[in-house]
1. Under the definition of partner shielding as Cβ atoms of other protein chains within 10 Å of a residue Cβ, what is the mean value for peptide A:80-87?
2. Average partner chain C-beta neighbours within 10 Å, per residue of B:33-42?
3. Tell me the relative contact order for chain B as a rounded percent, counting alpha carbon contacts under 8 Å between residues six or more apart.
4. Restricting to the protein assembly as shown, what percent of DSSP beta bridges are antiparallel, rounded to 5?
5. Shape verdict for the stretch A:3-113, please, from the Cα gyration tensor: rounded (a/c under 1.5), prolate (a/b greater than b/c) or oblate.
6. What total accessible surface area, summed over both chains, is buried at the interface between chains A and B, computed with a 1.4 Å probe and given in Å² to the nearest 100?
7. For chain A, what is the relative contact order in percent, using Cα pairs closer than 8 Å and at least 6 residues apart in sequence?
8. Sort B:6-19, A:45-58 for me by packing, meaning the mean count of neighbouring Cβ atoms within 10 Å per residue, highest on top.
Amino acid sequence: AQTVTQSQPEMSVQEAETVTLSCTYDTSESNYYLFWYKQPPSRQMILVIRQEAYKQQNATENRFSVNFQKAAKSFSLKISDSQLGDTAMYFCAFNPDSGSRLTFGEGTQLTVNP
Amino acid sequence: DVKVTQSSRYLVKRTGEKVFLECVQDMDHENMFWYRQDPGLGLRLIYFSYDVKMKEKGDIPEGYSVSREKKERFSLILESASTNQTSMYLCASSSSSGWNTGELFFGEGSRLTVL
């Protein structure tokens, strides 16, 4: 079974600064997908970024990028130039390539302060 | 845009009541999911369905059942609500390719309080 751990329940950052959210996972699968989802207050959860494990290059989506360390089973999310709208709960998630279902971490509540 | 709609944002029910949570998606997705979200526990999968009338148990199916009579609709049923089922319930859907890639589209959630 897969496990996903987010060790930071809460984080805060000043507007325009950079913040990194941590995620570790445990699996015996050789190929899989990793995700960061964002859940703004009282709004729908949306996909922020996705990483395929067999790809060496770290995924990037505008101000969001990941640091994927496969050997260390680490998948952190970096948010650059933080904006007030980035305030949300962020979930790390894992899906094996065998076609199962997502396993989510506990979540990190990020607050961006003006 | 994919739209996943959950029928009720907030519900208050009494212990022992039967509760229906409805979810509808408009993108012809094959897969639908019900998750439960609790602080400090993240999202936990209750049930999922990969086709009409098909259902599979997730990680915490006890006390719940589901129904998928039409492709676009996936219902979560609490046969006899209990206080430990007070939670946020999230419905999600994905396409057949999303089954592997894991990209889910979520509804806004239904916050259920059982008194």
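The values are calculated or read from the model by the stated rules, or taken from the named source; none is laboratory data. This is a predicted model, so every value here is computed, not measured. When we count neighbours, we look across all protein chains shown, and the Cβ atoms used for this are built from the backbone with ideal geometry, even at glycine. Quick note on the areas: whole protein, heavy atoms, side chains included, nothing else; ligands and nucleic acids left out. Shrake-Rupley method; radii C 1.70, N 1.55, O 1.52, S 1.80 Å.
1. 0
2. 4
3. Result for chain B is 36 percent.
4. Looking only at bridges with both residues in the protein assembly as shown, the antiparallel portion is about 90 percent.
5. Cα axes put the stretch A:3-113 in the prolate bin.
6. 1800 Å²
7. 38 percent
8. Ranked by mean Cβ neighbours within 10 Å, highest first: A:45-58, B:6-19.
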